[in-house]
Amino acid sequence: MATRKNLTTTNHLRHVESMATLPSGAGKISELNAVILGESLASEEDDLILPSPDFSQQAYVPSPQKYLEMYKRSIQDTAGFWSDIALEFYWKEKWGQQVYSENLDVTKGNINIQVNSSLLFPDSASLILYHTHNQLMVIPIYLSIYLATQWFKGGITNICYNCLDKNIDSGNGDKIAIHWEGNEPDLDGSLTYRQLLERVCQLANFLKDNGVKKGDTVIIYLPMLMELPIAMLACARIGAVHSVVFAGYSAESLLQRIMDCKPKIVVTCNAVRRGNKIINLKDIVDAALSESSQNGISVDSCLTYENESAMKKEATKWQKGRDVWWQDVVPKYATKCDVEWVDAEDPLFLLYTSGSTGKPKGVLHTTGGYMIYTATTFKYAFDYKESDIYWCTADCGWITGHSYVTYGPLLNGATTVVYEGVPNYPDSGRCWDIVDKYKVTIFYTAPTLVRWFFNVVGDSRCPISDTWWQTETGGFMITPLPGAWPLKPGSATFPFFGVQPVIVDEKGNEIEGECSGYLCVKSSWPGAFRTLYGDHERYETTYFRAFPGYYFSGDGCSRDKDGYHWLTGRVDDVINVSGHRIGTTEVESALVSHPHCAEAAVVGVEHEVKGQGIYAFVTLVEGVPYSQDLRKSLVLVVRNQIGAFAAPDKIHWAPSLPKTRSGKIMRRILRKIASRQLDELGDTSTLADPSVVDQLIALADS
């Protein structure tokens, strides 16, 4: 392998220092058109969208020069930069002298797990076996996990306290924390910070009374009711680890997560109405809990909220002794609950994301670094001011809902809108009705919705700008800062403070200047995840072994001559459908479970609305004829096993699949066929049977 170039920090800044010449401060980049927001309509042909002078003047970061000043400090004085920000929050005890420590290079030794010995062998602990360095260690399942990458270690805090109590103590107790908008336009509600704290404390007291303690896991399977962020905050208040599962996942997907994290309690509701559709969530939970019990993992309590707009109590199936109605018990508890103070490196939440091997990955985020990073990215990326009304359309079942519906806004004392329904119900103007109703000033939504607005509402006149980040990163990594520099529609622009993105080639060499390659991150950042729960080897293999010394994002990236970053998509086998990361293996396994499916291969294709669509090549059992009914049946299997969002957009009949002589499926060829890029198939000579390609092309439209 070629020797990696050892680039210094100063060299790294070469890709952002060119910003000083951008039009928001110092002149024009040649051969680029520019539009100033608010003065004229943008079009697809415009290369640059400039912030208006008025907006820039009031922004936290009003110019490229100010950004460079802050960014350079965040790289050159990392400890000082993040310490100053962290001191704005409440710490029961300050962290030690070392603000952070890191090891991202597996060639220098394993990214070791350090065990808090005081937590070994506690009473009634659930135990797991972990094999490391040829020794067998017994570790409590709710153990605080410390990696070599640590931030604010030794600092004692609580994120719920910083979200709620701190804001109340500063005089904002009567400020609206959450506006809730139901699926139906006439359903709504609001909670002040003081009211939200009381509701959180009641649930926290219920959890404690039912045996949940620091380090225990609670699964939350709720739609976007106010009770979802309440449940997250209640867990955080008592030091429990929450694992929110998107309320749309199938019973089998929920079962996988129950089996992996072994929760003390599952929190759900009886049903949800999304648009005109009713989803019976309690039935899904019942099926998952029944199956988990048969596999040796029993959950003693299922706290169920009655979502009466979707289903009444009387119509809900019930298991006595296990199921408890939220409304019957939680309001009876005290509205004050003592805070469980935790170390900055104690776990905060588990969030499962799809992996290319099929098994969901349990991404583990810890408390202190995540708190500081999420709060800071929210403040600067949205240029949030105290008078703003903020709405993020994401579901808390995904990382965006964690960081930018719940924690980021509340840590900044924001008023946030939580919406239960879908963007086009009862009509395509619903989102704008909500914006008008609550006087929303900051609107954050998924690329899917932006694309839809672009076509339906914006009459194809509105440019699109992007942020780049992942479940694993905790918060924005490459992102525009409003007012700081011009946008290039479609580009994530420049790195956030403390983030050092690099583009490398296949040998791990950093590439300078205008280029394309693999997007990696050099050095850690506070919001970084610490491990994959119960599978640290997979953590190292997936993210750190491909390019030792770097975090490998799994994404491709181009950087243009002006230093702007352009994400080019996944380079692994994960498909991003409307913000849902879906492993191709998960979909393939579901398809193959159909009695008439002998083999399946799934690839992602561009989709006008969803970003990426799921395209499935299916080989049937010998003798089974092709039919539309069979197509529908195959799609239904995926919907039932994973969820509706994972349903294939296209089933392509495949007499056989293009494989090498060793049996490896050539997905590159399948992607070209699915995308109709038939003149770019490349070399097919390595295939065991090259004629398969022609057969697949012939069946493309059948």
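One table, with the values for the structure above:
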| quantity | calculated |
| --- | --- |
| Binned Cα-Cα distances of segment 166-229, short to long, each 10 Å bin given as a whole percent | 19, 39, 33, 9 |
| Sites Ala287 and His596, calculated FRET efficiency, Cβ-Cβ separation with R0 25 Å, nearest 0.05 | 0.55 |
| Listed pairs Lys208/Lys332; Lys214/Lys332; Lys213/Lys262 exceeding 19 Å between Cα atoms | Lys214/Lys332 |
| Amide H within-cut-off set for Thr366, under 5 Å, with H built and near neighbours excluded | Leu348, Arg530 |
| Ordering of 544-550, 207-213 by packing [mean C-beta count within 10 Å, highest first] | 544-550, 207-213 |
| Dipole moment magnitude, nearest 20 debye, segment 536-644 about Cα centre, only Lys, Arg, Asp, Glu C-beta charged | 220 debye |
| 5 angstrom amide H check on His607, placed H, neighbours 5+ away | Gln612, Gly613 |
| Relative packing of 289-296, 99-106, which averages over residues the other C-beta atoms within 10 Å, highest first | 99-106, 289-296 |
| Sequence of Met259, Met226, Met371 once ranked by neighbouring C-beta atoms within 10 Å, starting from the fewest | Met259, Met226, Met371 |
| Compactness of segment 218-281 as Cα Rg over 2.2 N^0.38 Å, two decimals | 1.12 |
| Computed lengthening from Glu386 to Glu608, 0.36 nm per intervening residue step minus Cα-Cα distance | 76.3 nm |
| Inter-probe distance in nm under a simple model that places probes 7 Å from Cα toward Cβ, at Lys650 and Asp689 | 2.2 nm |
| Gap separating the Cα centres of segment 54-101 and segment 500-569, nearest whole Å | 23 Å |
| For segment 232-296 versus segment 172-229, the gap between their alpha-carbon centres in whole angstrom | 16 Å |
| Expected-Rg normalisation [2.2 N^0.38 Å, Cα atoms] applied to segment 574-698 | 1.02 |
| Sorted largest first, extent of segment 556-637 alpha carbons per principal axis (Å) | 57, 22, 18 |
| Stretch gain in nm, segment Gln319-Ser83, where the contour uses 0.36 nm per residue and the Cα spacing is subtracted | 80.0 nm |
| Shape category assigned to segment 158-409 from the gyration tensor of Cα positions, a/c cut at 1.5 | rounded |
| Tensor-based shape of segment 380-443 (alpha-carbon gyration tensor, a/c under 1.5 rounded, otherwise prolate or oblate) | oblate |
| For segment 516-590: relative contact order, % (alpha-carbon pairs under 8 angstrom, 6 or more apart) | 26 percent |
| For Val637, Val435, Val624, order by how many other beta-carbon atoms lie within 10 Å, fewest first | Val624, Val435, Val637 |
| Förster radius 35 Å - calculated FRET efficiency between Glu680 and Asp560 (Cβ-Cβ, nearest 0.05) | 0.95 |
| Cut-off under 5 Å, modelled amide H: who pairs with Asp323 long-range | Cys302 |
| Size of charge dipole - segment 574-698 - debye, nearest 20, with Cβ of Lys, Arg +1 and Asp, Glu -1, no other charges | 240 debye |
| Stokes-Einstein D (µm²/s) once Rh is taken as the Kirkwood radius of segment 610-656 over alpha-carbon pairs, at 4 °C in 1.567 mPa s | 114 µm²/s |
| Trypsin sites (Lys or Arg not before Pro) within segment 293-375: DSSP coil, no more than 13 neighbouring Cβ in 10 Å | Lys312, Lys317, Lys320, Lys336 |
| Förster radius 25 Å - calculated FRET efficiency between Leu636 and Ser702 (Cβ-Cβ, nearest 0.05) | 0.80 |
| Segment 382-387 - phi-based ³J(HN,Hα) in whole Hz, Karplus 6.51/-1.76/1.60, Gly and Pro as x | 9, 6, 5, 10, 4, 8 |
| Formal net charge of residues neighbouring Gly154 (Cβ-Cβ distance under 10 Å; K, R +1; D, E -1) | -1 |
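Each reported figure results from applying straightforward, stated rules to the coordinates on display, with no laboratory input. It should be emphasised that the depicted structure is a prediction, and the values quoted were computed from it without experimental measurement. In this analysis, Cβ positions are derived from the backbone assuming ideal geometry, glycine residues included, and neighbour counts consider all displayed protein chains.
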